[in-house]
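Novice: Structure provided below as structure tokens; questions to follow.
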Amino acid sequence: MSFSTLGLPSSLLPASKSPNTKGLQIKVVNEKRVARYLDKLEHMKERIEDVIAWIDEAEEDKKSRLAVYKAFQEAVEAACDLISMFLKDSGYLPKDDYSNFEKWGELADRRISDCLKVANGLRNRLVHHYNGLDDKLALDSMRDIIPCLEEFIQVMGSWLEEKLQSM
């Protein structure tokens with residue numbers, strides 16, 4: 001089975017590096033599960049592209065700012081879902097987002113895990129407006145976080161591609 005089997009190009013996710021799963025037997029058991037991973041990765045990629053395309057306008061335009069906030073929120077939520085799926089398929093019981101980030105960091109990439117924690121904190125601020133919200137600071141933080149989210153997509157895409165090749 002390959003990415004093209006599901007109608008999605010393998011170029012969707014650049015093969016750079018894969019999580020260091022330290023000998024775990026990961027089970028991506030069927031085509032529906034693979035399709036779900038790919039759907040989440042593609043959604044995350046699209047939302048990141050939206051943030052990048054709209055973020056400059058967001059500083060001046062409220063509609064653009066709200067669109068960027070929503071796109072960023074969806075990208076981070078997709079990352080949370082992907083990590084939960086990864087943990088479940090790795091034989092671990094998924095828990096809350098921060099516990100999941102921690103476990104994924106132990107199994108895969110601590111640096112990206114730490115960045116995802118920051119991204120999720122920003123997502124929470126955007127959604128709940130804790131203690132008010134400084135729009136400039138939020139947008140600048142997104143700019144800093146986006147490269148990490150893109151790297152997460154590459155890591156998870158490479159991991160999934162390896163699993164597909166071993167099926």
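Novice: Do we have PRO147 as open to solvent by 10 Å² or more (accessible area, probe 1.4 Å) and under 16 Å from TYR37 (Cβ atoms) here?
Specialist: So PRO147 fails the test.
Novice: Now a separate question. Return yes or no: is SER84 free of Cβ contacts under 8 Å to residues at least 24 places away in the same chain, under 17 Å from ILE153 (Cβ atoms), touching a Gly at 6+ places or on another chain (Cβ under 6 Å) and surrounded by 13 or more Cβ atoms within 10 Å (Cβ to Cβ)?
Specialist: no
Novice: Do the conditions hold for ALA53, that is, is it more than 17 Å from ASP114 (Cα to Cα), surrounded by 15 or more Cβ atoms within 10 Å (Cβ to Cβ) and either touching a Gly at 6+ places or on another chain (Cβ under 9 Å) or of a type outside the set (D, E, K, R) (or both)?
Specialist: no
Novice: Among the residues of segment 87-127, write down those that are open to solvent by less than 20 Å² (accessible area, probe 1.4 Å), without any contact (Cβ under 8 Å) to a residue 40 or more places away in the chain and of a type outside the set (Ser, Thr, Tyr).
Specialist: Residues satisfying the conditions are LEU87, ASN100, PHE101, GLY105.
The values are calculated or read from the model by the stated rules, or taken from the named source; none is laboratory data. Everything numeric here is computed off the predicted structure, so don't read it as measured data. Here the Cβ is made from the backbone with ideal geometry for all residues, glycine too, and neighbour counts use every protein chain on show. Accessible surface areas use protein heavy atoms only, side chains included; no ligands, DNA or RNA. Shrake-Rupley method; radii C 1.70, N 1.55, O 1.52, S 1.80 Å.
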